[in-house]
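The values are calculated or read from the model by the stated rules, or taken from the named source; none is laboratory data. What you see is a predicted model, and the numbers here were worked out from it, not measured in a lab. Reconstructed Cβ throughout: ideal geometry from the backbone, glycine too, with neighbour counts over all protein chains shown. Quick note on the areas: whole protein, heavy atoms, side chains included, nothing else; ligands and nucleic acids left out. Shrake-Rupley method; radii C 1.70, N 1.55, O 1.52, S 1.80 Å.
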Amino acid sequence: MEPALFWEYIIKSGILLLGMTGGFAYLTYYERKALSRLQSRIGPNRAGPWGLLQPIADAVKLIFKEELIPTSANKLLFILAPVITVIPALIITAVIPWGRPIHLFGRDINLFIADINVGVLYITAVASIAVYGIVLAGWSSNNKYAMMGGLRATAQMVSYELALALAFVAPVILAGSMSTVDIVEKQVAMGEPWGAAFGFILGLLRWNLSMPLGFLIFFIASTAEINRSPFDMPEAEQELTAGYHVEYSGMKFALFFMAEYIKMIAVSMIAATLYLGGYNGPWMEQLPILGPVYLFVKVFLLLFLLIWVRGTLPRFRYDQLMAFGWKFLFPLALLNVVIVSIVVALGG
Amino acid sequence: MTVQLILFIILALVAVATALGMLLSRSAVYAALYLVLNFATVAVFYLLLNAPFLAVAQVTVYAGAIMVLFLFVIMLLGTEQLRRRHTLAWQQPVAIGLGIILLAETAYIVLAQRGLVSPGTTEIASITGSPTEVGFNLFMSYLLPFEITSLLLLVAMVGAVVLTREEKKK
């Protein structure tokens, strides 16, 4: 491998990792601000102008907190669990493209880390191993609430993974490829007959009408998959105090927190890529550098949707959650696949 | 020595070590986790063999779905610690027999590669690389075994549902 290519990959991975962790810090601020506006409060406004330094203050606080390890906990797994939770969250977006290739420093640079021909499947694979961290955290804490939280997380994530994977099938069938770059470009190609700017919106409309339930199923299933409200059963306060991370404190707790918020960003990036045109938008031909901007805007709006849902809906009851996943969402996802297949077979 | 060979040797060591760890571990949770690592290593082997589809499917199905359920059951039943002398009478001879068969197969493959004995089949399933190829091979050349497997899985699933149903009625 030539050195320049090597450095290109190092830098791109660094940007992604820093972007995700920095995004996590300011997503907590974003969520607290948006939630407080939804609840007619002001939200954090003491640290820095408009409370902008709040995430940094939080980080400092968490670093200096005392770290406790319960005496009868399984120490090795107790320490490993937060790490195992964060890693899938960080690597899952490696296959998401941020933009068209750009020309920089005399090189053509692709704005993605990996465009593999099994990109979508890679996402499901990483999502399916994400549950280990939570399960192990629950088990190794040697605490009944943590244990229950871990068990709930397993059952919930395994159940909703099915609907999630089926939601992925629809864009794959439409694009005829599992590569995320192909999927994004296919969405543009669908609107091509109608010109550049206008065609983008029509193409997106056509894409989503071909799989009418796709985005909705993905959104619900992925909210459950990342344990966000209203599906935050593994950490239901009334029943389990804090669920799987009840024994964690300090930086280890921060890592769980971080994983949850990075997963929010990751899910929004995936949703934007598979259903909302990814890095594409009007006037991409003239200004290819707009790609990351469009992606950012879409992710920002999707994140607001997640926060909005959290601020609005109460938590499910556990049995209702499982029944909803298996008896409603899963058949619906199957129906969606059938619809897409018919549309594609009829030449849509 | 090429990079691939070094990678292979390291991975092989990890694979053997995790397999041994899984067999010798007294704690069921550790055994399960060793098995997860083993599956992950096998997935990397598939990547080395230029079969990303198989690698990712391996992670999704084995490391992701099946082992999570194993862990779930182990934790739910609370059987983390294995009993000291837990041996089945028929297990040892069967294991030895199967081991000998595996060794014989390996020896045969090695000899066949050296050209000392004739290989059983010249046509090795050439499923590599792209998911398209895998799909075509599954649904064209190997349709019958594929459908039979799916039927088997369906039977197992229905069986599981029926078994849990009856337990509830009691």
Practice item. Can you run down the residue pairs with Cβ atoms below 7 Å, 6 or more apart or on separate chains, where the first is in segment A:116-129 and closer than 16 Å to A:Ile226 by Cβ and within 7 Å of chain B (Cβ to nearest Cβ) and the partner is of a type in the set (Gly, Ala, Ser) and open to solvent by 10 Å² or more (accessible area, probe 1.4 Å)? Key: A:Thr124/A:Ala165; A:Ser128/B:Ala65
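Inside segment B:45-69, can you point out the residues that are over 19 Å from A:Met178 (Cα atoms) and buried (at least 21 other Cβ atoms within 10 Å of the Cβ)?
B:Ala63, B:Gly64, B:Met67, B:Val68
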Point to revise | Which numbered condition A:Tyr26 misses (of (1) within 29 Å of A:Ala146 (Cα to Cα); (2) modelled with pLDDT of 85 or more; (3) not in a helix (DSSP H, G or I)) | key: (3)
Study note, to complete from the structure: Taking segment A:89-98 and the residues there that are in a helix (DSSP H, G or I) and open to solvent by 10 Å² or more (accessible area, probe 1.4 Å), the one that is nearest to A:Leu255 (Cα to Cα) would be A:Leu90
Revision key, fill the gap. Checked segment A:152-164 for anything surrounded by 20 or more Cβ atoms within 10 Å (Cβ to Cβ) and free of Cβ contacts under 8 Å to residues at least 60 places away in the same chain; matches are A:Thr154
Check your understanding: Which numbered condition trips up A:Asn110, out of (1) in a helix (DSSP H, G or I); (2) polar (S, T, N, Q); (3) more than 10 Å from chain B (Cβ to nearest Cβ)?
Key -> (1)
Review point. Could you say which residue among A:Phe105, A:Phe64, A:Phe6, A:Phe78 is more than 19 Å from the chain's Cα centre (by Cα) and open to solvent by less than 40 Å² (accessible area, probe 1.4 Å)?
Key: A:Phe78
Review point. Here are some conditions: (1) of a type outside the set (S, T, N, Q); (2) surrounded by 16 or more Cβ atoms within 10 Å (Cβ to Cβ); (3) out of contact with any helix residue (DSSP H, G or I) (no Cβ under 8 Å at 6 or more places or on another chain). B:Val42 meets all but one. Which one does it not meet?
Key: (3)
Check your understanding: Is there a residue in segment A:178-199 that is open to solvent by less than 10 Å² (accessible area, probe 1.4 Å), within 12 Å of chain B (Cβ to nearest Cβ) and closer than 21 Å to A:Thr223 by Cα?
Key -> no
Exercise for review: Please enumerate the residues belonging to segment A:115-131 that are of a type outside the set (Phe, Trp, Tyr) and open to solvent by 30 Å² or more (accessible area, probe 1.4 Å).
Suggested key: A:Asp115, A:Ile116, A:Asn117, A:Leu121, A:Ile129
Review point. Taking segment A:9-42 only, how many residues are more than 19 Å from A:Met258 (Cα to Cα) and buried (at least 17 other Cβ atoms within 10 Å of the Cβ)?
Key: 1
Exercise for review: Could you check how many residues of segment B:26-38 are open to solvent by 40 Å² or more (accessible area, probe 1.4 Å) and part of a helix (DSSP H, G or I)?
Suggested key: 3
Review point. Taking segment A:295-348 as the region of interest, how many residues are open to solvent by less than 80 Å² (accessible area, probe 1.4 Å), assigned to a helix (DSSP H, G or I) and free of Cβ contacts under 8 Å to residues at least 60 places away in the same chain?
Key: 8
